[in-house]
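Read-outs: derived from the displayed coordinates by stated rules, not from any lab. Small disclaimer: the values here were computed from a predicted structure and weren't measured. All Cβ positions, even for glycine, are placed from backbone atoms using ideal geometry, and neighbour counts span all protein chains on display.
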Amino acid sequence: MADIIQLLPDHVANQIAAGEVVQRPASVVKELLENAIDAKAESITLVIKDAGKTLVQVIDDGAGMSVTDARLCFERHATSKIKSAEDLFSINTKGFRGEALASIAAIAHVELKTRTEDSSEVGTKIAIEGSEVISQEPAVVQKGTTISVKNLFYNIPARRNFLKSNTVEIRHIIDEFHRVALAHPNVAFTMINNGSDVFQLPASNSRQRIVNIFGTKTNEKLVPVSEETEILKISGFVVKPDFARKSRGEQFFFVNDRFIKSSYLHHAVVASFEGLIKDGMNPGYFLFLDVDPKTIDINIHPTKTEIKFDDEHSMYAMLRSTIKHSLGQFSIAPVLDFNKDSGFDTPYEYSKKFPVAPTIEVDRAFNPFKREASQGNIKFPYKRENTASWESLYVGLKDEVDGDNTSNSHRMNNIEVESDEVTGTLFEGDSEASGQTTFQLHNKYIISPIKSGMMIIHQHLAHQRILYEELLKNITVQEAVSQQLLFPLEFHYSKPDIEILKKIQEQLEHTGFVFSSLDKETVEISGTPVSISESQVAQVLEQLIKDIKDEVPDAGFSQNDLLAKSMAKSMAVKTGTQLNRKEQEHLVHQLFACKEPSVAPNNKTVLITMNVNDFDKRFI
Ligand code: ADP
Ligand code: MG
C-alpha cells in the first residue's frame, strides 16, 4: 500500500490549534491582555466592537517587539517566554505555549503595530490574514504594542455561526477583562465598547481594584483573608456571609496572578462558610494564592485555566482554616474595625490602674492548671501571644460598667494603652483589685463580659481547640519539649494495638513522647509531652488507638490531624471541673491566641456572644 501519512501545512495546523485556544472573542481578549501583561505594560486599553465579532483591539505600553520578533510572533511555537522543557516548571509569565498569536492569525484579519523602547528603531506594522502575511512595513508608532483582531472566524463559518448573541459574548469578554484586571491591580486598564468607556481602572491596590470594578458598596462586604506558610501564601477577601447570593456571583481564584478554576478549592471555601450561609447560597471570594511555580503544573489545559497542584490536600486544609479564621474573627467581633490598629485601644485590665513601667517577667514554669498530678489536671506552658485583636472586644467595658471615680487613672489610661507590653501581662499585678473579668457557670462555661454584651465559652471545647493547635504545631514543626519521667511508665497492649502505636510513633515523639521500648506487647515510656500529666497518659493512648481504629479510611484527614484531635479531646479539661479565676482567664487568653478560636477541632461551637440589646428586649 502506498504511504498515506503527510504533514499538515502550517496554516491548517494553526487552524486546528485555534480550535482549542480560541473558542470565542473572549478567548482572544484573554490572550491579548495576557501578552500585554507579560510585556510589562503599565497601562492597557481594550477596544471592542460588536461584542468582539468585528474588532478586538488591545493597546499596551509594554516592551514592544523588534522587527524580526514582530514577524516571528505569529509562527507556531514562537515564544520568548521559555527556552527548554525545564522552564515549564518555573513559569512566571501568563503565556509560554507560543500558540496564541499563531492561532488567532489563522482565523482572523490581524494587524500588529509595535515598537521597542530603543529609539533608534522605528516601529513595525504587519498585516496578516489566515496565517498569510499581507504586508509588513516600518511605521511611526508609540512604544508598546497594538494588536487589532478583526472579523474573527471569517474563514470558519461554522464557528462564526456558533457564536452567541452580542449580550452573551460581551459578558464573556467582560469576565475575562475582570479576571486579568483583578490579578493585576498595579496596571491601569480601560475598556471601550462600541465607542463608549465601560471601565476605567487606575493603577491601585487589590481592594480598590475590586471596588472600582464591582462598585463602592462592595467595600463594606469584604473580609480580608491572609496567611503565609512555607508552601503557600494566601491573600485577598471573602464576601461577608450576609451577602451570599443565590447565583454564583463573584468567585475568583488566582494562583500566581493567574485566574484559575478549581472545584476542589472552591469546595474548601464553601466548607469554611459552613453554618454561616444557607444551603443553596453561594459565597463570594477574591482569593490570591502564591506558590512556588515548581509545585504546580499549568500546562494541563490549552487555555491554562486549570492547574495541577503537587499538594492539593494541604492547600485545601490551609485555605479552609484561613478563611474560617477570618470569618470567625469577623463574626465574634462585629464591632471591630479591621483597618484600625487595635493596639491603641484601652486594655480592660488597666482602666483603673496607675501606670507602672512594664516589666517582662515570664515564669516559664507557671502553670495555673496544675494541681496534684493524681487529679489528672491539665497544664499549659505559659506563652506570650499576640492577643491585641481580641482584647479590643473589651474596650471601654470598665468605663461603662464601673464609671470612673478617679480622674487620675482615667488620664493615665492614655499612656498605658500605647504600650504593647500590656497584652502579655494579663496575670501580673493584683487582679483581685482590678475586678472580676470572668465567671464560671455550672463548672462548664466561662462567662466573660465584652463590650457588646457577654461571651459564653465552653471550657472543654475551648481547651480542645487550644491543645489541638498546639499539638498540631508540635507534630508539624517538631519542636515539642518532653518532660522526663523519673520512673518510666509501662503499658501492655494487644499486638494489633502495638502495631498502630508503631505506625504513629514518630508523630507521637514529635508531640513530646519518648519511648524507651515499643515492641511485642509492652510499651515503655520515659518521657511525655509537658501538657500531659502521668495519670493521663494511659487514657490518651487508649483513646488514640481507638480513634485510629475507628478512622474512616481516606476521609481526607491527615494522620497528624487525627492524632492532634484525639489527644486534644482526651487531654482537655473536662466539663464539671472547677476552674479558679486564673485558670479561667488563662483559658480565655490562650483561646484567643488560637488561629480559630470559635470552633472546636470537631467543628462544634466553642463560644457564643450575647448582645446587651438582646437583653434589653427581654426586660419589658
Ligand atoms: P506566548 O505568550 O505563549 O509566548 P503568543 O503567541 O501569545 O505566545 O506570543 C508570542 C510571542 O510574541 C510572545 O512570547 C512575545 O515575545 C511576543 N508578544 C506577543 N504579544 C506581545 C506584546 N503585546 N508585547 C510584546 N511582545 C509580545
Ligand atoms: Mg501569549
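Structure above, values below:
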{"quantity": "Cβ crowding within 10 Å averaged over residues, with 86-92, 48-54, 103-109 ranked highest first", "calculated": "103-109, 48-54, 86-92"}
{"quantity": "Whichever lysines have a C-alpha closer than 17 Å to that of LYS520, once near sequence neighbours (fewer than 8 apart) are set aside", "calculated": "LYS495, LYS502, LYS503"}
{"quantity": "³J(HN,Hα) computed for each position of segment 18-28 - Karplus, 6.51 cos²θ - 1.76 cosθ + 1.60, integer Hz, glycine/proline x", "calculated": "4, x, 7, 7, 10, 8, 7, x, 4, 5, 5"}
{"quantity": "Total formal charge among the other residues, if their Cβ is under 15 angstrom from that of THR114, Lys/Arg +1 and Asp/Glu -1", "calculated": "-3"}
{"quantity": "Hits among lysines - C-alpha to C-alpha of LYS240 under 16 Å, sequence gap 8 or more where chains match", "calculated": "LYS217, LYS221, LYS278, LYS324"}
{"quantity": "Cut-off 13 Å between beta-carbons: net charge of the residues surrounding SER148, Lys and Arg +1, Asp and Glu -1", "calculated": "+1"}
{"quantity": "Lys, Arg +1 and Asp, Glu -1 on Cβ, resulting dipole of segment 439-609 about Cα centre, debye, nearest 20", "calculated": "820 debye"}
{"quantity": "Reachable lysines, given that their alpha-carbon falls under 27 Å from the alpha-carbon of LYS143 and they are not under 8 places away in the same chain", "calculated": "LYS30, LYS40, LYS49, LYS81, LYS83, LYS94, LYS113, LYS125"}
{"quantity": "Proximal charge balance of ARG76 [Cβ under 12 Å; K/R count +1, D/E count -1]", "calculated": "-2"}
{"quantity": "Whole-Hz couplings from phi, Karplus 6.51/-1.76/1.60, listed for segment 305-321; x for Gly and Pro", "calculated": "9, 10, 9, 9, 9, 5, 10, 5, 4, 5, 4, 4, 4, 5, 4, 4, 6"}
{"quantity": "Distance from segment 595-615 to segment 476-543 (C-alpha centre basis), Å", "calculated": "33 Å"}
{"quantity": "Rounded Å value of the spacing that divides the Cα centres of segment 250-291 and segment 21-91", "calculated": "28 Å"}
{"quantity": "Peptides 274-282, 465-473, 4-12 ordered by average Cβ neighbours within 10 Å, highest first", "calculated": "465-473, 274-282, 4-12"}
{"quantity": "Hull volume in cubic angstrom per residue (convex hull over the Cα atoms of segment 10-201)", "calculated": "118 Å³"}
{"quantity": "Over segment 10-201, relative contact order from alpha-carbon pairs under 8 Å, at least 6 apart, %", "calculated": "28 percent"}
{"quantity": "Over segment 439-609, relative contact order from alpha-carbon pairs under 8 Å, at least 6 apart, %", "calculated": "35 percent"}
{"quantity": "³J(HN,Hα) computed for each position of segment 565-577 - Karplus, 6.51 cos²θ - 1.76 cosθ + 1.60, integer Hz, glycine/proline x", "calculated": "5, 5, 5, 4, 4, 7, 8, 5, 4, 7, 4, x, 7"}
